[in-house]
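Since the structure comes first, as structure tokens, the remarks are kept for the end.
The values are calculated or read from the model by the stated rules, or taken from the named source; none is laboratory data. These numbers come from a predicted model, not from an experiment. Neighbour counts are summed over all protein chains in view; Cβ atoms, including those assigned to glycine, are modelled from backbone coordinates with ideal geometry. Quick note on the areas: whole protein, heavy atoms, side chains included, nothing else; ligands and nucleic acids left out. Shrake-Rupley method; radii C 1.70, N 1.55, O 1.52, S 1.80 Å.
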Amino acid sequence: MLAKIKSVALKGLEAFDVLVEVDVSNGLPTFNIVGLPDEAVQESKERVRSAIKNSGYEYPMKRITVNLAPAELRKEGSTFDLPIALGILLAIEVIKDKEKADSFYFAGELSLDGAIRRISGALPMAIGLAHQRNNFIVPYENIFEVAIVKNIEPYPVKHLKEAVEFLNGDRTIEPVHKSIEDDLLEDIAFEEDFSDIKGQFQAKRALEIGSAGGHNVVMVGSPGSGKTLLARRVPTILPPLVEKEALEVTQIYSISGLLMEEGFVKRRPFRSPHHTASEAAIIGGGSSPKPGEISLAHNGVLFFDELPEFRRDVLGALRQPMEDGFVSIARVKERTTYPSRFMFIAAMNPCPCGWYGDPVHPCRCSVSEIKRYRARISGPLWDRFDIQVEVPRLLADELIQKTSSEPSKNIRERVINARKIQAERYKNKNIFSNSQLSPRAIKEFIPLREEERSFLSNVSEKLSLTGRGYDRVLKVARTIADLDESENVRLPHIAEAVQYRIDNTI
Ligand SMILES: [Zn+2]
């Protein structure tokens, strides 16, 4: 008997239909699976066989051949356990309703006792199936991530036996739907707050502008100046995720197996990988490429503490995805793409010992040591930080100042307002923030009068700004004007923006 069961495979975040064909015929008992990578086949066979037996069904002592089509599509093994087991049970007529079985897609890993286990990537699979209001049977543990997808009927199952009884009409299972709009509007409570940090007004202002316009920010300062504390508080001033963004982020966490109980990502991610991390860990990689830190930070913040300590290949590989908003990972036969639009925040010391420029603590580094240290950040990478700010160490009397600092909540309100202005200005343009303006879009959206133009050309000569640097000043000025609710970019906005360019060479 030949049976067919529908399932799904992923390439990156893209879903593809897979047909699981099962043939059970007379002959010496064998079990062959075609269309899976070798290493996955053996394990899958063991799980399927034990799960069928331990669910109380008779395992056929016959010749079993399973084909997962199309063969050329790369497939991860464990999600096909459930469709394979159901295919066998359909072929030997333990499952009787062929038509009903054909009206569902299935994905799930089996444990030896027949329980159905959580899989990675259930959300992108569901999104891929969502265009036709398909029925999708998923592991119970995955139901909350799948339930948020519109135009699909997701059914949760806990055990192979449940799935069989459901298909035979001996059990009812209701599809589960969940709307996340209200959850996203809920106020998120953070443990940290900008008001925890005294002083450092320029750095705070820089991070506010960065958050408002999606600009990359680099902070240069001695140890103990609070750079790391400042960076970690950026999520507290970012606007809440909108539904589309939350779905994008959740898909990446789904495929990485990092989703928590509640089933979707509510907060903007904040990722801070260690400087020893490999290129594959940061950019993405592996034999079937998994998202790296730059994708896990999508729609959120990627923070590199001690920027010059990161590996040269990692820093080099960052540039393209930073520019494109996605990363493309090439493997022998295929290319996998993941989104990677993040706000990049970096912190670094001004020199190897950390004290260059400090008013009290002497620096022990030679000029050539400092030059070598700073040269680890290439010009083009340095240029990609729209906002460059020095964060001086606070002296004791500044630290004990009684003046209270502004809470994150107030800053976030201004950031949200500035983002709204940008969303309105760029609607239908596929531009989400000022940081994404192309040179052409800068001309269109940041018209200058002669006054501003001549000021800026004077300044850029003095600061020897590159063309790219010039554009970056304008983009930051646009954000400062938005925070100011000013329709046009005026002199004071440009004057402030040029303050956020510092020379990384000495
Ligand atoms: Zn030094």
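Say we look at the stretch 476-506 and pick out the residues that are hydroxyl-bearing (Ser, Thr, Tyr) and open to solvent by 10 Å² or more (accessible area, probe 1.4 Å); which of these is nearest to Ala375 (Cα to Cα)?
Looking only at the stretch 476-506, we keep the residues that are hydroxyl-bearing (Ser, Thr, Tyr), and these are 479, 486, 500, 505.
Adding the requirement that they be open to solvent by 10 Å² or more (accessible area, probe 1.4 Å) leaves 486, 505.
Values: Ser486: 38, Thr505: 8 Å.
Among those that are hydroxyl-bearing (Ser, Thr, Tyr) and open to solvent by 10 Å² or more (accessible area, probe 1.4 Å), it is Thr505.
Please give the helices (runs of 4 or more DSSP H) falling wholly within the stretch 90-153 in which 1 or more residues are touching a Phe, Trp or Tyr at 6+ places or on another chain (Cβ under 7 Å). Spell out the reasoning first.
Values: elements: 98-102, 122-129, 143-146.
Those helices (runs of 4 or more DSSP H) span 122-129, 143-146.
Within the stretch 246-292, which residues are under 28 Å from Ala107 (Cβ atoms) and among the acidic types (Asp, Glu)? I'd like the intermediate steps shown before the answer.
In the first step, residues of the stretch 246-292 are kept if they are under 28 Å from Ala107 (Cβ atoms); the result is 246-267, 269, 271, 280-281, 283-292.
Residues satisfying the conditions are Glu248, Glu261, Glu262.
Within the stretch 43-64, count every residue that is hydroxyl-bearing (Ser, Thr, Tyr) and within 39 Å of the chain's Cα centre (by Cα). Walk me through how you get there before you give the answer.
If we filter the stretch 43-64 for residues that are hydroxyl-bearing (Ser, Thr, Tyr), which is where we start, we get 44, 50, 55, 57, 59.
Next, from what is left, pick out any that are within 39 Å of the chain's Cα centre (by Cα): 44, 50, 55.
Counting residues in the stretch 43-64 that are hydroxyl-bearing (Ser, Thr, Tyr) and within 39 Å of the chain's Cα centre (by Cα) gives 3.
Name the residues in the stretch 353-370 that are within 6 Å of the ligand (Cβ to nearest atom) and open to solvent by 50 Å² or more (accessible area, probe 1.4 Å), would you?
Residues satisfying the conditions are Tyr356, Arg364.
If you check Glu208 against the conditions, is it surrounded by fewer than 22 Cβ atoms within 10 Å (Cβ to Cβ) and at pLDDT 90 or above? So that I can check it myself, show each step before the final result.
Details: surrounded by fewer than 22 Cβ atoms within 10 Å (Cβ to Cβ): no; at pLDDT 90 or above: yes.
Here the answer is no, as Glu208 does not meet what is asked.
Please go through the stretch 105-155 and pick out each residue that is polar (S, T, N, Q) and open to solvent by less than 10 Å² (accessible area, probe 1.4 Å).
Initially, the stretch 105-155 is screened for residues polar (S, T, N, Q), giving 111, 120, 132, 134-135, 142, 151.
If the condition is that a residue be polar (S, T, N, Q) and open to solvent by less than 10 Å² (accessible area, probe 1.4 Å), then Asn142 is the only one that fits.
Is the stretch 382-390 home to any residue that is at pLDDT below 90 and within 16 Å of the ligand (Cβ to nearest atom)?
Within the stretch 382-390, none of the residues are at pLDDT below 90 and within 16 Å of the ligand (Cβ to nearest atom).
Do we have Glu424 as more than 15 Å from the ligand (Cβ to nearest atom) and part of a helix (DSSP H, G or I) here? Walk me through how you get there before you give the answer.
Values: more than 15 Å from the ligand (Cβ to nearest atom): yes; part of a helix (DSSP H, G or I): yes.
The answer is yes for Glu424.
Looking at Ala375, Ala330 in this structure, which one is out of contact with any Leu (no Cβ under 6 Å at 6 or more places or on another chain), within 16 Å of the ligand (Cβ to nearest atom) and open to solvent by 50 Å² or more (accessible area, probe 1.4 Å)?
Working: Ala330 fails: within 16 Å of the ligand (Cβ to nearest atom).
The conditions single out Ala375.
Conditions (1) under 25 Å from Ser195 (Cβ atoms); (2) open to solvent by 60 Å² or more (accessible area, probe 1.4 Å); (3) assigned to a loop (DSSP other than H, G, I, E, B), marked per residue:
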position: Ile431; (1), (2), (3): no, no, yes
position: Ala441; (1), (2), (3): no, no, no
position: Leu448; (1), (2), (3): no, no, yes
position: Arg453; (1), (2), (3): no, yes, no
position: Leu474; (1), (2), (3): no, no, no
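Going residue by residue through the stretch 376-387, is there one that turns out to be in contact (Cβ under 8 Å) with a residue 24 or more places away in the chain, closer than 26 Å to Asp324 by Cβ, assigned by TED's automatic domain parsing to the domain that holds Asn430 and polar (S, T, N, Q)?
The answer is yes; a qualifying residue exists.
Somewhere in the stretch 397-419, is a residue more than 27 Å from Gln200 (Cα to Cα) and either open to solvent by 10 Å² or more (accessible area, probe 1.4 Å) or at pLDDT 90 or above (or both)?
In the first step, residues of the stretch 397-419 are kept if they are more than 27 Å from Gln200 (Cα to Cα); the result is none.
No, the stretch 397-419 contains no residue that is more than 27 Å from Gln200 (Cα to Cα) and either open to solvent by 10 Å² or more (accessible area, probe 1.4 Å) or at pLDDT 90 or above (or both).
What's the number of the only condition in (1) surrounded by 19 or more Cβ atoms within 10 Å (Cβ to Cβ); (2) within 16 Å of the ligand (Cβ to nearest atom) that Phe342 fails to meet?
The single condition Phe342 does not satisfy is (2).
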